[in-house]
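What follows is a set of notes on a single structure, which appears directly below.
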Amino acid sequence: MLSEKLQDALNEQMKNEFYSAYLYMAMSGYFQSEDLPGFASWMRIQALEEMTHGEKFFNFICDVDGRTEMREIIAPKNDFQSPLPTFQFGLEHEKFVSDRIHKLMDLAQEERDHAAQIMLQWFVTEQVEEESSFSLIIRKLQRVEGDGRGLLLLDQELGQRVFVPPAAE
């Protein structure tokens, strides 16, 4: 059984995951408007991943007889300058999410909630991958900065990403 404090924190993180999906859809819209369909597609897939992350929290709370609470999601930033600062903003957001996951893990450890710790370990590992993906794209964008051909090649590369749902547990 979840403590009230842990349940509240998990519900808050569920909201954060759904907000992340909302943010990445905003970024996708920006890239679409800039005629960068590969970047737009990459962000749409990122949004789908974040939706599945939110669902993972929802399902866990339900599985342990907790009570889910859908919370208000504020509008994300919608205006971006170019691909590089957009991905830098995304990386900063992922670092925020990582920090929240680590704090949740600390709380689950304090409360000796082993089931929550096991579930959260998946997210700890996932956040390493998330930050790494954004960092790699940032480095590539820095290399091609000012080179339209390089940007178009990167757009084609990012357009190859496919959504892979997390494996069932």
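Among the criteria (1) within 15 Å of the chain's Cα centre (by Cα); (2) in a helix (DSSP H, G or I), the one residue 73 does not fulfil is (2).
Here is a list: 84, 2, 23. Which entry is more than 22 Å from residue 126 (Cβ to Cβ) and either assigned to a helix (DSSP H, G or I) or over 19 Å from the mean Cα position of the chain (by Cα) (or both)? Only one candidate passes the filter, namely 84. Considering the range 26-43 alone, what residues qualify as being assigned to a helix (DSSP H, G or I) and either out of contact with any Phe, Trp or Tyr (no Cβ under 7 Å at 6 or more places or on another chain) or of a type in the set (Asp, Glu) (or both)? 26, 28, 29, 32, 33, 37, 38, 41, 42, listed by residue number. Set side by side, the residues 127, 142 differ, and just one is in a helix (DSSP H, G or I), of a type in the set (S, T, N, Q), touching a Ser or Thr at 6+ places or on another chain (Cβ under 6 Å) and at pLDDT 95 or above, which is 127.
Here is a yes/no grid of residues against (1) within 20 Å of the chain's Cα centre (by Cα); (2) closer than 30 Å to residue 36 by Cα:
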{"position": "111", "(1), (2)": "no, no"}
{"position": "114", "(1), (2)": "no, no"}
{"position": "117", "(1), (2)": "yes, no"}
{"position": "121", "(1), (2)": "yes, no"}
{"position": "134", "(1), (2)": "yes, yes"}
{"position": "139", "(1), (2)": "yes, yes"}
{"position": "144", "(1), (2)": "no, yes"}
{"position": "166", "(1), (2)": "yes, yes"}
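Residue count for the range 101-121, restricted to those that are crowded, with 16+ Cβ neighbours inside 10 Å and in contact (Cβ under 8 Å) with a residue 24 or more places away in the chain: 7. For residue 79, work out the one condition from (1) in contact with a Phe, Trp or Tyr (Cβ under 9 Å, 6 or more places away or on another chain); (2) of a type outside the set (A, V, I, L, M, F, W, C); (3) on the phi > 0 side of the Ramachandran plot it doesn't fulfil. For residue 79, the failing item is (3). So is residue 150 assigned to a loop (DSSP other than H, G, I, E, B), without any contact (Cβ under 8 Å) to a residue 40 or more places away in the chain and either surrounded by 11 or more Cβ atoms within 10 Å (Cβ to Cβ) or on the phi > 0 side of the Ramachandran plot (or both) or not? No. Cβ-Cβ distances below 7 Å connect the following pairs, each with a first residue in the range 72-88 that is touching a residue at least 12 places away in the same chain (Cβ under 8 Å), a second residue that is of a type in the set (Asp, Glu) and in a loop (DSSP other than H, G, I, E, B), and a separation of six or more residues or different chains: 84/145. How many residues are more than 15 Å from residue 72 (Cα to Cα) and not hydrophobic (A, V, I, L, M, F, W, C) if we restrict to the range 1-39? Total satisfying the criteria: 14.
The values are calculated or read from the model by the stated rules, or taken from the named source; none is laboratory data. None of the values given here were measured: they were computed from a predicted structure. In this analysis, Cβ positions are derived from the backbone assuming ideal geometry, glycine residues included, and neighbour counts consider all displayed protein chains.
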